[in-house]
1. Only one residue in Lys176, Lys149 is closer than 22 Å to Glu79 by Cβ, without any contact (Cβ under 8 Å) to a residue 40 or more places away in the chain, basic (Lys, Arg) and part of a helix (DSSP H, G or I). Which one?
2. Which residues, counting only those in the stretch 130-143, are loosely packed, with under 14 Cβ neighbours inside 10 Å and outside any loop (DSSP other than H, G, I, E, B)?
3. If you go through the stretch 157-165 one residue at a time, do you hit one that is small (Gly, Ala, Ser) and out of contact with any Lys or Arg (no Cβ under 8 Å at 6 or more places or on another chain)?
4. Quick check on my filter: what residues within the stretch 65-83 are within 15 Å of Ser139 (Cβ to Cβ) and more than 16 Å from the ligand (Cβ to nearest atom)?
5. Out of the stretch 14-46, which residues are in contact with a Cys (Cβ under 8 Å, 6 or more places away or on another chain) and either hydroxyl-bearing (Ser, Thr, Tyr) or open to solvent by 10 Å² or more (accessible area, probe 1.4 Å) (or both)?
6. Give the stretch 69-127 a look and list any residue that's crowded, with 18+ Cβ neighbours inside 10 Å and assigned to a strand (DSSP E or B), or say none.
7. For the stretch 121-137, name all the residues that are under 15 Å from the mean Cα position of the chain (by Cα) and either within 16 Å of the ligand (Cβ to nearest atom) or under 16 Å from Asn89 (Cα atoms) (or both).
8. Report whether or not Ala104 is more than 16 Å from the ligand (Cβ to nearest atom), of a type in the set (Gly, Ala, Ser) and touching a residue at least 40 places away in the same chain (Cβ under 8 Å).
Amino acid sequence: MGNFDSIKREVLDSSRWLSEHGYLGQLCSGGNISVSVPGEKIVAITPSGRSYFSLDLNDICVIDFDQNPIESNLPPSIEAGMHIGIYQNRSDVHAVIHTHQPFASVLAIINQPIPALFDEITVEIGHEVEIIPYAFSGSPELVENVTAKLGNACHCYLIQNHGALCLGADMKRALKNSELLENVAQIYSQALASGQQIQKLPPSAIDYFAAMRKLRFK
Ligand SMILES: [Zn+2]
């Protein structure tokens, strides 16, 4: 068993779950997933351009924060710089999931941030799912646009004309946040389509949940 097999297993298993549940596509290779090693500048990340069902444990790339290979048979995702930029700017985050999940992507193409709508979402994800401005996949501009938004301490973002970005203290929580984001994005997009007035959480509730998040996500 290799030194990094446990984090490679987390990346592989979560990428399969996300593929099976429509977050990445079954035949396509959209999105990318990573886990960082707490206290070390090391990341396990999905490889570039491969269907997730074709991967085995040895195909998951382990790289350092300068993208030097540590254990890699394949080139890492072209979004590795984005994942590393997140780990460098958010010490509370040790798992990153980027997907093209459908309902979050609907809001990403109509430039619609998600306000605070439900208690659980506001506690787990934060007070707003903001839009990250568009830039080419894998570009330094996209890394800059992502890192510029991280100061809001939220755990989900929408990337304009692209997809979703979900963060977590570990992979279990990042996966949960991906599912919560897709649920709230589906509800919000259908509520917007109804043309009816949308009730947001009252400010007192948002303040209360913000205080809870400060205690939970230091
Ligand atoms: Zn993408």
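1. Numbers: Lys176 fails: without any contact (Cβ under 8 Å) to a residue 40 or more places away in the chain.
Matching residue, one of Lys176, Lys149: Lys149.
2. Result: Pro140, Glu141.
3. Taking the stretch 157-165 first, the residues small (Gly, Ala, Ser) are 163-164.
Checking which are out of contact with any Lys or Arg (no Cβ under 8 Å at 6 or more places or on another chain) leaves us with 163-164.
The answer is yes, given that some residue of the stretch 157-165 is small (Gly, Ala, Ser) and out of contact with any Lys or Arg (no Cβ under 8 Å at 6 or more places or on another chain).
4. Here is the first cut: in the stretch 65-83, the residues within 15 Å of Ser139 (Cβ to Cβ) are 67, 77-83.
Within the stretch 65-83, Gln67 is the sole residue that qualifies.
5. Kept after step one, since they are in contact with a Cys (Cβ under 8 Å, 6 or more places away or on another chain), are these residues of the stretch 14-46: 44-46.
Correct list: Thr46 only.
6. Pro76, Ala95, Val96, Ile97, His98, Thr99, Ile114
7. Residues satisfying the conditions are Ile131, Ile132, Ser137.
8. Working: more than 16 Å from the ligand (Cβ to nearest atom): no; of a type in the set (Gly, Ala, Ser): yes; touching a residue at least 40 places away in the same chain (Cβ under 8 Å): yes.
No, not satisfied.
The values are calculated or read from the model by the stated rules, or taken from the named source; none is laboratory data. Quick caveat: nothing in here was measured; it's all calculated off a predicted structure. Cβ sites come from the backbone with ideal geometry, for glycine too, and all protein chains shown count toward neighbours. For the accessible areas, the whole protein counts, side chains as well, though only heavy atoms, and no ligand, DNA or RNA atoms are used. Shrake-Rupley method; radii C 1.70, N 1.55, O 1.52, S 1.80 Å.
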